[in-house]
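Student: Take a look at the following structure, please.
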Amino acid sequence: MPGRGSAYIQPMQQPQDIVITGVGVVSPIGIGCEPFWDSLAAGVSGIRPIDLFDSSSLRVRFGGQIPDFDPKLFVRPRKSLKVMSREIQMGFAAADLAMGDAGLTAGQVDPERFGVVFGGDMIYADLEDLERTYRRAAVDGRFSFPAWAEAIHEELHPLWLLKHLPNMAASHVAIAHDARGPNNSIVLGDVSGLLAIAEAASVIRRGWADVMLVGGTGCRLHPTALVARGDALLSHRADDCRRAARPFDRDRDGLVNGEGAGALLLESRAHAQRRDGRIRGRLLAAAARCEPTARRHGVTGSSLRAAIRAACAAAGLEPAGVGHVNAHGVSTIEMDRAEAAAIRAELGDVPVTAPKSAFGHLGAAGGVVELAASVLGLERGLVPATLNYETPDPTCPVNVVAGGPLAGRPGTAVAVNLCSTGQAAAVAIAAD
């Protein structure tokens, strides 16, 4: 078990106040807190034509692509790049940015009380890594399993698999920052990021760690991922791709894929105060629920309602005290309806923002990147706006923030994510 030792045998302590002291973002609208927030506040869209690879054979050729990500600026040692997929590179970079933002330096935390949790997706193999193997397995125009068995041992790099294991983001981050405490990876689709935050907070509250570096990373623009998932749920609004992601809007026609990573540094308040760290916000509570019948009958939103109710109860928040909801806002017809109904039922006319409208669906990264938007907004007393919300949908009865950031709200937020398989997560935060 990673991180075994004193971090796992600490006696249970009283619940601790958990604070957010670092934020790191790698996104289609900016890398780093300030570029990211400036784009959100200005209503900049990160949706653009895909040019990471030849996308000409795809019917949907746009998404939330990061145009200027250079992993060499972040990853160390440099040779680690050989065993990192793009997702892992982005996750490492987001964690590095969060550490820098927090100003946490060597000697300020006991390595055995410093842990890592990351949310991840299935990481698809890069086609160039497999091309020679596949070509050798083609015999007389047919796939030959014996030829494949021989070729795979000779053509693939011995460490090839390390590029594609979802737990490698947390592993690389822990090694780089000498985090020897609890280490975990959560792979549960769209809710992975918020569940990672919940787990990291739980570790601190159980007294197993003082500091947790938590994040999520995902790349839904990988060519294999795009082919495997198909385009049935995607927006086909190719005339102006920047207007394609339209959460809760009457004219939405599907989601927009993207890529990115986010990371937060969580600390017990006592630890943050001992090192005189800047506090960017408080983590009040987290909850997760499941709707087991969603696979057969579709998502109704019951799990999301329960998760919101549980998170607010644990945080001591009444509906009137919730400053805004940071919505999943995936922009598909049925999922937006189910989510809107759940939010309305539990929190009434609370303002709702949907950051996916700016950068797309980031998979496992979405929850953390979206929560980062609320953390940065609460610091400034603003709720970021939802892009492309022009015509309200009567079947989505939520109060969508549009046209520009909203001021004057209570300094609290509830961020939510929801899976088509029925899992839901909610995290409540507050300005400090």
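The values are calculated or read from the model by the stated rules, or taken from the named source; none is laboratory data. The model shown is predicted, which means the values in this text are computed figures rather than measured ones. Cβ placement follows ideal geometry from the backbone for every residue including glycine, while neighbour counts extend to all protein chains displayed.
Student: I'd like the full set of residues that are touching a helix residue (DSSP H, G or I) at 6+ places or on another chain (Cβ under 9 Å), within 27 Å of Leu304 (Cα to Cα) and of a type in the set (D, E, K, R), limited to the stretch 167-216.
Tutor: Matches in the stretch 167-216: Asp190 only.
Residues checked against (1) without any contact (Cβ under 8 Å) to a residue 40 or more places away in the chain; (2) among the aliphatic types (A, V, I, L, M):
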| residue | (1), (2) |
| --- | --- |
| Pro35 | yes, no |
| Asp38 | yes, no |
| Ala42 | yes, yes |
| Arg48 | no, no |
| Phe74 | yes, no |
| Leu81 | yes, yes |
| Glu87 | no, no |
| Asp121 | no, no |
| Asp126 | no, no |
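Student: Among the residues of the stretch 347-367, is any over 30 Å from Pro49 (Cα atoms) and in contact with a Lys or Arg (Cβ under 9 Å, 6 or more places away or on another chain)? Lay out the reasoning, then the answer.
Tutor: So the first thing to find is which residues in the stretch 347-367 are over 30 Å from Pro49 (Cα atoms), and the list is 347-351.
The next check asks that each one be in contact with a Lys or Arg (Cβ under 9 Å, 6 or more places away or on another chain); those that pass are 350-351.
Scanning the stretch 347-367 turns up at least one residue that is over 30 Å from Pro49 (Cα atoms) and in contact with a Lys or Arg (Cβ under 9 Å, 6 or more places away or on another chain).
Student: Also, quick follow-up: Please determine whether any residue of the stretch 7-16 is closer than 19 Å to Pro182 by Cβ, buried (at least 21 other Cβ atoms within 10 Å of the Cβ) and at pLDDT below 95.
Tutor: yes
Student: Ok, one more. Given the condition part of a strand (DSSP E or B) and over 30 Å from Gly22 (Cβ atoms), answer yes or no: does some residue in the stretch 231-247 qualify? Talk me through it step by step, then tell me what you get.
Tutor: So the first thing to find is which residues in the stretch 231-247 are part of a strand (DSSP E or B), and the list is 234.
So of that shortlist, the ones also over 30 Å from Gly22 (Cβ atoms) come out as 234.
Checked against the condition, which is being part of a strand (DSSP E or B) and over 30 Å from Gly22 (Cβ atoms), the stretch 231-247 yields at least one hit.
Student: Moving on to the next point. If the Cβ limit is 6 Å and pairs must be 6+ apart or interchain, which residue in the stretch 365-389 that is on the phi > 0 side of the Ramachandran plot pairs with which residue that is assigned to a helix (DSSP H, G or I) and surrounded by 24 or more Cβ atoms within 10 Å (Cβ to Cβ)?
Tutor: Asn388/Ser357
Student: For the stretch 104-155, give me the residue count where each residue is among the charged types (D, E, K, R), over 28 Å from Gly216 (Cβ atoms) and surrounded by fewer than 15 Cβ atoms within 10 Å (Cβ to Cβ).
Tutor: Residues of the stretch 104-155 among the charged types (D, E, K, R): 110, 112-113, 121, 126, 128-129, 131-132, 135-136, 140, 142, 150, 154-155.
If we keep only those that are over 28 Å from Gly216 (Cβ atoms) too, we end up with 131-132, 135-136, 140, 142, 150, 154-155.
Among the residues that remain, those that are also surrounded by fewer than 15 Cβ atoms within 10 Å (Cβ to Cβ) are: 131-132, 135, 140, 142, 150, 154.
Qualifying residue count, the stretch 104-155: 7.
Student: Criterion first (under 22 Å from Ile175 (Cα atoms) and either loosely packed, with under 12 Cβ neighbours inside 10 Å or not basic (Lys, Arg) (or both)) does Asp70 satisfy it?
Tutor: Details: under 22 Å from Ile175 (Cα atoms): yes; either loosely packed, with under 12 Cβ neighbours inside 10 Å or not basic (Lys, Arg) (or both): yes.
In short, yes.
So that you can scan it fast, the table gives a plain yes or no per residue for (1) aromatic (Phe, Trp, Tyr); (2) touching a Lys or Arg at 6+ places or on another chain (Cβ under 6 Å); (3) farther than 20 Å from Ala358 by Cβ:
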site	(1), (2), (3)
Gly43	no, no, no
Val60	no, no, no
Asp68	no, no, no
Phe74	yes, no, yes
Val83	no, yes, yes
Gln89	no, no, yes
Ala93	no, no, no
Asp96	no, no, yes
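Student: Let me ask you something else. So Pro2 clears everything in (1) in contact with a strand residue (DSSP E or B) (Cβ under 6 Å, 6 or more places away or on another chain); (2) part of a helix (DSSP H, G or I); (3) modelled with pLDDT under 95 except one condition, right? Which one?
Tutor: The one condition Pro2 does not meet is (2).
Student: Inspect the stretch 412-419 for any residue being crowded, with 24+ Cβ neighbours inside 10 Å, closer than 20 Å to Val19 by Cβ, within 14 Å of the chain's Cα centre (by Cα) and at pLDDT 95 or above and give the result as yes or no.
Tutor: So the first thing to find is which residues in the stretch 412-419 are crowded, with 24+ Cβ neighbours inside 10 Å, and the list is 413-418.
After this cut, where a residue has to be closer than 20 Å to Val19 by Cβ as well, the list is 413-415.
Filter again for within 14 Å of the chain's Cα centre (by Cα), leaving 415.
After this cut, where a residue has to be at pLDDT 95 or above as well, the list is 415.
Yes, that holds for at least one residue.
Student: Across the stretch 40-93, what is the number of residues that are within 29 Å of Gly403 (Cα to Cα) and either part of a helix (DSSP H, G or I) or of a type in the set (A, V, I, L, M) (or both)?
Tutor: 8
Student: In this structure, is Ala228 buried (at least 21 other Cβ atoms within 10 Å of the Cβ), under 21 Å from the mean Cα position of the chain (by Cα) and closer than 21 Å to Glu87 by Cα? Give the derivation first.
Tutor: Details: buried (at least 21 other Cβ atoms within 10 Å of the Cβ): no; under 21 Å from the mean Cα position of the chain (by Cα): yes; closer than 21 Å to Glu87 by Cα: yes.
Taking the combined requirement at face value, the residue does not satisfy it.
Student: Between a residue in the stretch 412-432 that is assigned by TED's automatic domain parsing to the domain that holds Gly363 and any residue that is at pLDDT below 95 and in a strand (DSSP E or B), which pairs come within a Cβ distance under 8 Å, given they are 6 or more apart or on different chains?
Tutor: Taking only residues 6 or more apart or on different chains, not a single pair turns up.
Student: Any idea which residue in the stretch 323-369 is surrounded by the fewest Cβ atoms within 10 Å (Cβ to Cβ), counting only those that are under 19 Å from Ala431 (Cα atoms) and hydrophobic (A, V, I, L, M, F, W, C)?
Tutor: Filtering first and then ranking leaves Val350.
Student: Of all the residues that make up the stretch 231-245, how many are in contact with a Lys or Arg (Cβ under 8 Å, 6 or more places away or on another chain), among the small types (Gly, Ala, Ser) and surrounded by fewer than 24 Cβ atoms within 10 Å (Cβ to Cβ)?
Tutor: So the count comes out to 1.
Student: Continuing with the same structure: Return a yes/no flag: does the stretch 113-127 have any residue that is farther than 30 Å from Glu370 by Cα and not hydrophobic (A, V, I, L, M, F, W, C).
Tutor: Scanning the stretch 113-127 turns up no residue that is farther than 30 Å from Glu370 by Cα and not hydrophobic (A, V, I, L, M, F, W, C).
Student: To continue, here is another question. Restricting to the stretch 336-364, name every residue that is over 21 Å from Phe62 (Cα atoms), in contact (Cβ under 8 Å) with a residue 40 or more places away in the chain and in a loop (DSSP other than H, G, I, E, B).
Tutor: If the condition is that a residue be over 21 Å from Phe62 (Cα atoms), in contact (Cβ under 8 Å) with a residue 40 or more places away in the chain and in a loop (DSSP other than H, G, I, E, B), then Asp349, Val350 are the ones that fit.
Student: Within the stretch 387-432, can you find the residues that are under 16 Å from Ala345 (Cα atoms) and assigned to a loop (DSSP other than H, G, I, E, B)?
Tutor: Pro394, Thr395, Cys396, Pro397, Val398
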